[in-house]
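Since every read-out is calculated from the coordinates, none of them should be taken as a lab result. Here the structure is a predicted model, which means the values were calculated and not measured. Here the Cβ positions follow ideal geometry from the backbone for every residue, glycine too, while neighbour counts run over all protein chains shown.
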Amino acid sequence: MSARDRILAKLRANAPQIPLPVPTPQLDAHYAARDRQESTLDRLARFRTGIESFHADVHVTLEESWPELLARLCAEKGVSSLLYGAATPAGQRLDAAAFAANGTALRPWAGQVEDIKADLFHKVDAGFTQARGAIAETGTLILWPSPAEPRTLSLVPPIHFVLLDAATIHPTFFDALRAENWAGGLPTNALLVSGPSKTADIQQTLAYGAHGPKELIVLVTTREGAAQ
Amino acid sequence: MSVPLVSAGEHPVRAYPPRPQAVYFYGTCLVDLFVPEAGMDAITLLEREGIRVIFPDNQTCCGQPAFSSGFPDEARQVAASQLDLFPEDYPVVVPSGSCGGMIRWHWEKIFADDPARYAQAKAIAERTYEFAEFLLHVVGFNRPDQGEPTTVTLHTSCSARREMGTHLVGRELLAKLGNVTLAHHGHESECCGFGGTFSLKHPDVSTAMVTDKVAALKATGASEVVTADCGCLLNITKRAAKEDLDAGRVKASLPGEHLATFLLRRTGGQASGSN
Amino acid sequence: MNAPTPHTAHATRGKPIAFVSAEALRERVHEAINDDHLRSSFRGAMDFLMAKRAAQFPDESELVSLRSLSEAIRQYSLSKLPDLLEQLEANLTRNGVHVHWAETPDEANAIMLDIARRHQAKLIVKGKSMVSEEIEFNHAMEAAGIGALESDMGEYIVQLAGEKPSHIIMPAIHKTKEQIARLFAEKVPGVDYTDNVDALIQIGRQVLREKFEQAEIGLSGVNFAVAETGTLCLVENEGNGRMCTTVPKVHIAITGIEKVVEKLEHVAPLYSILTRSATGQAVSTYFNLISGPRKADEKDGPQEVHLVLLDNGRSQAYADEQLRKTLQCIRCGACMNHCPVYTRIGGHAYGTTYPGPIGKIVSPHMMGLEQTHLLPTLSTLCGACGEVCPVKIPIPELLVRLRGEAQSAPHPHPAMVGQGAGYRPLVSFVWRLWARIYAQPGAYRAFTWLASRFRALTPSRQSGWTVARTPLKPAPKRLRDMVRERV
């Protein structure tokens with residue numbers, strides 16, 4: 001008998017001692033009772049308050065003008081090398097010349113991580129990805145890395161720029177995974193991100209930039225034109 | 001730093017019966033032998049309100065010391081001897097949160113395999129009340145304060161707080177006394193370190209806890225500590241007395257008394273404890 | 001700050017958890033309680049964490065509802081545990097993850113050593129995993145000549161100091177920044193003393209980034225394993241968990257068999273109540289859902305992912321309806337933060353991987369009662385732990401049960417390994433005698449009459465009581481005497 005079979009046998013042998021069938025958890029009742037019925041703008045406001053409290057920068061902009069904003073922010077942050085996925089719809093809108101004019105070299109991800117590991121760890125200043133959505137309740141970004149936008153883009157460079165469409169903000173995590181039927185198909189890696197990397201492991205003192213990005217900068221696009 | 005208590009909301013609001021004609025008074029073994037005046041003053045308070053107090057003479061102990069020490073058989077044996085003491089459907093009033101908690105929640109567990117006793121235990125549990133809770137919610141205690149202005153601090157036992165859910169009762173009772181100011185102490189919801197046999201088994205930790213509790217109580221500047229649980233009362237006052245002894249102080253730096261005694265004294269009653 | 005150079009030397013971790021004898025426990029507790037510095041730093045840290053947790057639950061009704069829901073999810077999951085484990089295994093396997101089962105720590109270590117050898121690994125970089133602590137993973141790897149480096153900042157500090165975590169969520173909570181500054185200056189090559197917390201964290205970042213880049217294997221724990229999708233969920237703030245599970249070519253996750261839930265949506269409430277209960281955070285920085293190794297068209301992520309499912313006594317707890325509740329735990333540490341005993345003695349004094357209230361109820365299953373029978377006594381049963389537990393584990397009730405198991409007379413078919421290990425004939429005799437007297441009202445009255453009448457003979461030294469208190473003395477009149485004499 002394998003360890004597997006022995007463990008399962010032990011668990012099964014002992015199962016009948018529990019007399020009653022345990023009821024199925026009622027998640028809907030809990031969440032429905034707390035449904036806020038809020039507008040997109042209200043959700044955006046809650047998302048923003050949340051993620052800013054976790055030390056992220058949020059810039060709200062019109063859909064058509066985010067590439068310019070990104071180039072400007074890169075210049076402000078002194079980003080000399082920005083890594084991104086060139087094959088995504090967002091990536092296709094980045095204009096190398098516009099960035100170069102501001103002193104930022106656009107670097108499309110190419111090859112496997114092993115091919116660029118040294119640069120990724122030592123040379124790249126910032127990574128750019130899209131967000132799949134966000135969560136208003138906690139101020140959280142939803143990232144689904146993909147072949148076009150690998151996982152390390154949002155992890156290794158010291159600055160992470162994220163593009164978020166305000167229309168994709170869900171009230172809660174529960175709402176997001178229900179509405180989008182996550183259980184029906186998850187990527188290799190799905191992520192919730194709420195701010196730059198941090199730690200309070202030394203004397204409960206909060207310090208940012210533990211192992212992941214030191215800065216998280218969110219560009220929120222909106223059709224209502226609620227720019228700051 | 002005072003930590004706000006986030007209660008678990010585990011205790012549904014208890015529906016209290018109207019004021020009864022009579023009650024059973026379950027004094028507890030600790031009160032019987034070590035702090036009888038607390039029990040006597042509680043009885044006097046109830047009688048003064050026109051309630052007949054029945055003290056079953058065969059009462060000994062609820063079994064809690066053995067139960068919480070890991071001797072359920074011994075606890076069952078002792079508890080079983082108490083089941084026939086409350087034949088009428090009167091409330092059972094207990095001047096201690098931990099003994100009250102034992103009867104209210106744990107008796108039914110120790111008799112789980114004995115249907116007849118289980119039913120009996122459960123019926124008693126449902127009409128068992130912690131004394132202060134009973135005085136406030138069932139008796140509706142409301143007597144004018146006749147004492148001089150004073151400031152006291154209140155310690156609520158963990159059993160009263162977390163098993164009986166009566167942590168606000170002491171405050172409400174004291175609030176009825178016009179000349180009494182209640183001073184809250186730091187880490188109010190924290191245990192005083194008694195824990196029954198814990199204080200004997202782990203004296204180091206128990207001492208550290210009670211020392212901190214005494215310091216927090218003293219830091220309020222209150223003239224005394226009041227509590228509705230005699231285990232805590234003895235733990236706290238005997239620790240304070242030891243500190244006084246070690247420091248050569250004659251006057252008690254932290255006198256303490258049971259809430260029943262305090263309420264009786266303040267409202268013109270004759271407290272029994274003046275030996 | 002000087003740039004640190006690579007280093008591999010790491011002090012051997014604190015003494016392996018071998019035997020927590022009663023004497024050793026008392027000695028450790030005694031030492032801890034007399035360490036004023038330790039007591040004040042734990043008190044400060046616990047006050048901070050309690051206040052932060054409280055601030056996360058401004059709406060009591062939401063807490064009540066979320067707690068009940070979380071308890072329901074955990075109990076439901078446990079009720080289907082063997083089926084869910086099989087479902088988890090099937091879905092992970094379909095996703096390309098290798099699933100291994102281990103009954104004991106040795107089996108788990110052997111499985112992981114085998115993987116490491118197959119990949120000729122020299123360095124395993126670790127995300128935070130209490131299960132890896134439970135099985136003494138680092139020792140096992142180091143004994144085989146493979147480096148095992150902690151990368152959670154707190155764990156890294158504790159490993160550098162040759163110690164063990166003193167808290168399951170904040171491993172280095174017992175250390176001050178000055179102590180950490182001295183430790184870094186001494187142990188990290190090229191680093192000068194600084195007690196600036198940001199600077200210290202940046203030192204750790206630089207050292208560990210090189211290791212993430214070099215390590216062949218990343219190890220992590222698991223917070224929730226989702227059966228229906230074959231997904232491993234990790235909660236963290238630092239990003240080291242993502243590093244360990246993303247950058248090295250092999251990722252090994254290890255977890256106890258109890259961590260499985262059926263549905264993906266079940267993690268939403270559990271995740272919320274976990275971070276709020278643990279550190280008083282509305283949410284952690286990262287929630288990482290891993291459902292497989294790098295796919296053919298993907299550009300990064302590990303090429304191989306393994307999951308090791310560890311029993312180590314959990315199936316024993318599972319066998320009993322009451323003890324099973326122990327397995328509801330989601331390892332938030334709130335019970336520690338609110339425990340007046342933990343606050344006084346810190347995590348190391350317990351001598352077990354999991355300290356505090358949860359440690360007292362889970363360790364007996366992992367280590368047997370022979371070694372742990374005194375742990376359940378180290379509590380006043382104040383109930384603060386049960387009150388804050390996000391999944392409503394009745395910790396005080398379980399402590400009482402374990403006290404009973406420890407002290408019961410030896411039994412031919414014990415429910416627990418080591419049952420009766422705390423059995424002392426004299427103590428049992430005293431309780432039997434007590435019960436005989438207290439169960440017979442006549443005998444009780446006689447006994448208390450004598451105690452009261454001869455109160456002058458009460459001993460002035462009363463075991464642990466008079467260590468710090470004046471003696472207890474029976475009153476001259478018992479309550480029953482006063483009642484009888486009342487007008």
#### Entry: DSSP bridge orientation in the protein assembly as shown - percent antiparallel, rounded to nearest 5
25 percent
### Task
Report the net charge of residues surrounding C:E265, where surrounding means a beta-carbon distance below 13 angstrom and charges are Lys +1, Arg +1, Asp -1, Glu -1.
-3
### Task
Report, ordered by chain and residue number, the lysines lying within cross-link reach of B:K242, taken as a straight Cα distance under 17 Å and ignoring same-chain residues fewer than 8 apart.
B:K213, B:K218, B:K251, C:K473
#### Entry: Loop sites in segment A:46-105: trypsin sites (Lys or Arg not before Pro), DSSP, at most 16 other Cβ within 10 Å
A:R93
## Note on the structure
With label points set 7 Å from each Cα along the Cα-to-Cβ direction at B:T211 and B:K251, the distance between them in nm comes to 2.6 nm
### Message
Taking a ≥ b ≥ c as the square roots of the Cα gyration tensor eigenvalues, with a/c under 1.5 meaning rounded and otherwise prolate when a/b beats b/c, else oblate, which class fits segment A:38-222?
### Response
rounded
#### Entry: segment C:413-487: trypsin sites (Lys or Arg not before Pro) falling in loop per DSSP and having at most 16 other Cβ within 10 Å
C:R461, C:R486
#### Entry: Exposure rule at most 13 other beta-carbon atoms within 10 Å, DSSP loop chymotrypsin sites (Phe, Trp or Tyr not before Pro): chain C longest free segment
C:194-453
### Proximal aspartates and glutamates to A:K10, defined as alpha-carbon separation beneath 13 angstrom and excluding residues fewer than eight positions away on the same chain
C:D83, C:E103, C:D311, C:D320
#### Entry: Nearest-ten-degree value, helix C:441-453 long axis tilted from longest Cα axis of chain C
80 degrees
### Query
So which trypsin sites (Lys or Arg not before Pro) in segment C:168-204 are both in a DSSP loop and have at most 14 other Cβ atoms within 10 Å of their Cβ?
none
### Task
If a/c stays under 1.5 just call it rounded; otherwise compare a/b with b/c (prolate if a/b is bigger, oblate if not). Do that for segment C:425-485, with a ≥ b ≥ c from the square roots of the Cα gyration tensor eigenvalues.
oblate
### Query
Around A:P150, what is the net charge, scoring Lys/Arg as +1 and Asp/Glu as -1 over all other residues with Cβ under 14 Å from its Cβ?
0
### Message
Can you work out the Karplus-derived ³J(HN,Hα) for every residue in segment C:469-481? Use 6.51 cos²θ - 1.76 cosθ + 1.60 with θ = phi - 60°, whole Hz, and x for glycine or proline.
### Response
9, 6, x, 7, 9, x, 6, x, 10, 6, 4, 5, 5
### Message
Tell me the net charge near A:W109. Cut-off is 15 Å between Cβ atoms, A:W109 excluded, with +1 for each Lys or Arg and -1 for each Asp or Glu.
### Response
-2
### Query
If you plug each phi of segment A:141-158 into the Karplus form 6.51 cos²θ - 1.76 cosθ + 1.60 with θ = phi - 60°, what whole-Hz ³J(HN,Hα) values come out, in order, with x for Gly and Pro?
8, 9, 10, 10, x, 8, x, 7, 9, x, 4, 5, 4, 9, 10, 7, x, x
### Summary
Sequence order, segment C:279-290: Karplus ³J(HN,Hα) from phi using 6.51 cos²θ - 1.76 cosθ + 1.60, θ = phi - 60°, Hz rounded, Gly and Pro as x, gives 10, x, 9, 4, 6, 8, 4, 10, 10, 10, 10, 10
### Summary
In whole angstrom, the spacing between the Cα centers of segment B:185-216 and segment C:100-171 equals 37 Å
### Summary
Spelling it out for C:T231: with amide H atoms placed in the peptide plane at 1.01 Å from N, the residues 5 or more places away or on another chain with amide H under 5 Å from its amide H are C:V226
## Note on the structure
If R0 = 30 Å, then B:Y16 and C:V64, at their Cβ-Cβ distance, give a FRET efficiency to the nearest 0.05 of 0.85
### Message
With the crude spin-label approximation of a point 7 Å out along Cα→Cβ, what separation in nm comes out for A:A183 versus C:R486?
### Response
6.1 nm
### Query
Quick one: of the DSSP bridges fully inside chain A, what percent are antiparallel, nearest 5?
25 percent
### Additional length obtainable on full extension of the chain from A:E63 to A:R223, 0.36 nm per residue less Cα span
57.0 nm
### Antiparallel DSSP beta bridges within chain C, percent to nearest 5
25 percent
### Query
Okay, helix-only estimate at 222 nm for the protein assembly as shown: each DSSP H run of n ≥ 4 adds -39500 (n - 2.57), divide by all residues, round to 500 deg cm²/dmol; what do you get?
-12000 deg cm²/dmol
### Query
What average number of partner chain Cβ atoms lie no more than 10 Å from the Cβ of the residues making up C:74-85?
4
### Task
Return the long-range amide H neighbours of C:S220 (sequence gap of 5 or more, or a different chain), with a cut-off of under 5 Å between placed amide H atoms.
C:G127, C:I252, C:A253, C:I254
### Query
Given H placed on each backbone N at 1.01 Å, which residues far from A:R107 in sequence or on other chains put an amide H within less than 5 Å of it?
A:L82, A:L83, A:Y84
### Message
Please compute the contact order of segment B:22-137 in relative form: average sequence separation of alpha-carbon pairs under 8 Å and at least six residues apart, divided by the residue count, as a percent.
### Response
28 percent
